[in-house]
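The values are calculated or read from the model by the stated rules, or taken from the named source; none is laboratory data. These numbers were taken from a predicted model, which means no experiment stands behind them. Cβ atoms come from the backbone with ideal geometry, glycine included; neighbour counts cover every protein chain shown. Heads up: the accessible areas ignore ligands, DNA and RNA and are worked out on the full protein's heavy atoms, side chains in. Shrake-Rupley method; radii C 1.70, N 1.55, O 1.52, S 1.80 Å.
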Amino acid sequence: MDNKTNPTRSTTFRLITIAASGLGSFMLGLWGLKLGYGSHVAGLPSEVVGGALAALCALAASLAAMSFFAGVDESVSYVYQETQVDKLTGLHARTAMIGKIAEAASATIRNGEPVFLIDIDIDRFKQVNDSIGYSQGDQLIRAFARRLREILPDTVEMGRIGAGEFAVLIHDTPDMGPVDTLVEYLMEKLMQPYQLPSHLQSINLSVGIVAMPKDGIDPVVLLRKSNLALQHARAGGIGNWSVFHAEMGKVAEYRQWIESELHLAFKRGDFDLHYQPQFDLPSGRIVGYEALVRWKHPERGMIPPTEFVPIAEETGMIGPIGEWVLHKACSDARLLPQDCFVAVNISPVQFMTKDFLAMVRNVIDVTGIDPKRLELEVTETAMMQDRGRAAHILDELARMGISVAVDDFGTGYSNLSYLIDFSFKKLKIDQSFVQRLETDANSGAVVSTIVGLSRALGVHTIAEGVETENQVTLLRAAGCEVVQGYLYGRPGPIGSKVPRSKPLQKIAMH
Ligand code: C2E
Ligand code: CA
Ligand code: CA
């Protein structure tokens, strides 16, 4: 961006404009004089005055044109700089990168040499940016781009195509070596921590790869495919890369279908809640039920929440669905044993909406549930988006008498320092730790640490995904109080949870 110029500030542009308008005024003045004094101006014959006027006219017009073109040229170069070069990093901006991909695609058709488009994305960059602040987020991006430039030869085209997303074009030439080796080397280097003014920042990356011409030559389609490969890599865990294959397109189609169907399904009343018991080990009784949303599509059957909740979050449908879930769970509480609470999952998107508290208050009023019988399960990620606001929301919920459990604990930031600022009643140990408890000593250590931490904070612990007696023994030994999992009951319709003495016809599902 060194030669970036803004036409409104350029000196050349101003000088020319001023000169042209000055001459214009001068001419107007002469013309005025001629009108006023007739055929003789300042004692000169009218032919001389006319000639001088014509010459001045031509000069003024050409200067005006020059200034106009200079302005246009500068505007063009300004717009070019603004749209083609990424301000933050100096790499190609998204539009320029699309152009470079198109160039590479036509070259590959001409010479037959494959080119790889490598899509590199910083995992959860938005959250990282929110938690470290935009200024340090920018510094992180700059440092990342610098490192990318250092690792790759100058001839490699690279661009920033999203907030924390970069694209690189690699020609399949012998000196570059096999693409998988290169990608692994790149990832290893780029994932080493970055020194920022206040701390050392770690990042994780996901990478998607497409090959030209095998996977196509249309730059926009190629970018979509590399992104699909990237999403696939991300779903596979931390620090993964994937090469695009056609199956990924089908996954994208399915997502599209869900997106278009969600609205209709909600209106049609496809959704329902299943409940899973939470068992208190010391007292040996069920203390609560977690409400889990279920979508039964009339043709496709059951669609699991792991498939549609993330899409509902992206499209905003989580708002109405989440409100419906809360409303239904709070009214269902009447049908559950009086000494049990109902736990409701709150999406991070829902948690941060402006009217979240008002919505909760309204549901409590309308359903008449005792707020003490309501527990909200909120993930760490939700709380980390905007810590100040999250702390306020949690305080308000506590004031209303509603308890909060930190869901999936251990899988997110696990940034222990923030826990002290937040009001919550429980840490819910994620099932990934429970499931590895019998085979992996580290998981045992994590569980004991979480229990120890919760004791220090004066909150309770619950473990989810408990499937075997052995796991219970280990959890009990670690000091965990409440457990939930298939061993104690699978999620099921509320009918199966109601004490037998109640007449079945009262247990309406909708
Ligand atoms: P989660 O909150 O971690 O819920 C626990 C998941 O583990 C549930 O999956 C539950 O059926 C499953 N589970 C329970 N016990 C066991 C066990 O012993 N073994 C195994 N392998 N799994 C067990 P489900 O119902 O498919 O829900 C998946 C996720 O979808 C939930 O994870 C939650 O994040 C989300 N979700 C479900 N219902 C809602 C909802 O009403 N609102 C929102 N925002 N998210 C929801
Ligand atoms: Ca949950
Ligand atoms: Ca979980």
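Distances between placed amide hydrogens fall under 5 Å for residue 288 paired with 278, 341, all partners being 5 or more residues away or on another chain. Checking the cross-link pairs 328/425; 328/426; 267/296 against a 21 Å limit on the alpha carbon distance flags 328/425; 328/426 as lying beyond it. Here segment 122-144 and segment 408-476 have alpha carbon centers that stand 29 Å from each other.
Using a simple spin-label model with pseudo-atoms 7 Å out from Cα toward Cβ, residue 299 and residue 423 lie 5.0 nm apart. Rounded to a whole number, what % of the accessible area of segment 236-373 do carbon and sulfur atoms account for, probe 1.4 Å? In segment 236-373, the share of accessible area belonging to carbon and sulfur is 56 percent. Each residue of segment 259-269 was assigned a 3J(HN,Hα) from its phi angle through the Karplus curve 6.51 cos²θ - 1.76 cosθ + 1.60 (θ = phi - 60°); the sequence is 4, 6, 8, 3, 4, 4, 4, 5, 5, 6, x Hz, with glycine and proline shown as x.
Subtracting the Cα-Cα distance from 0.36 nm times the residue separation, let me have the gained length for residue 386 to residue 111 in nm, one decimal.
Numbers: separation 275, 0.36 × 275 = 99.00 nm, distance 5.15 nm.
Net length gain for the segment: 93.8 nm.
Counting only protein heavy atoms, what percent of the accessible surface of segment 81-204 is carbon or sulfur at a 1.4 Å probe? Can you show the working numbers first?
Working: 2990 of 5890 Å².
Carbon-and-sulfur percentage of accessible area, whole number: 51.
Applied to segment 321-331, the Karplus parametrisation 6.51 cos²θ - 1.76 cosθ + 1.60 on θ = phi - 60° returns per-residue 3J(HN,Hα) values of 5, x, 5, 4, 4, 4, 4, 5, 5, 5, 6 Hz, with x for Gly and Pro. Taking all protein chains as they are arranged and a probe of 1.4 Å, the heavy atoms of residue 100 leave approximately 50 Å² accessible to solvent. Take segment 213-267 with all the other protein chains still there, run a 1.4 Å probe, and you get 60 Å² of accessible area per residue. For segment 367-380, 3J(HN,Hα) computed residue by residue from phi via the Karplus equation (6.51, -1.76, 1.60; θ = phi - 60°) reads 8, x, 5, 6, x, 5, 8, 10, 10, 9, 9, 10, 7, 4 Hz, glycine and proline entered as x.
If you take the Cα centroid of segment 316-334 and the Cα centroid of segment 178-236, the two points sit 38 Å apart. With all protein chains kept in place, the per residue accessible area of segment 272-311 amounts to 43 square angstrom at a probe of 1.4 angstrom.
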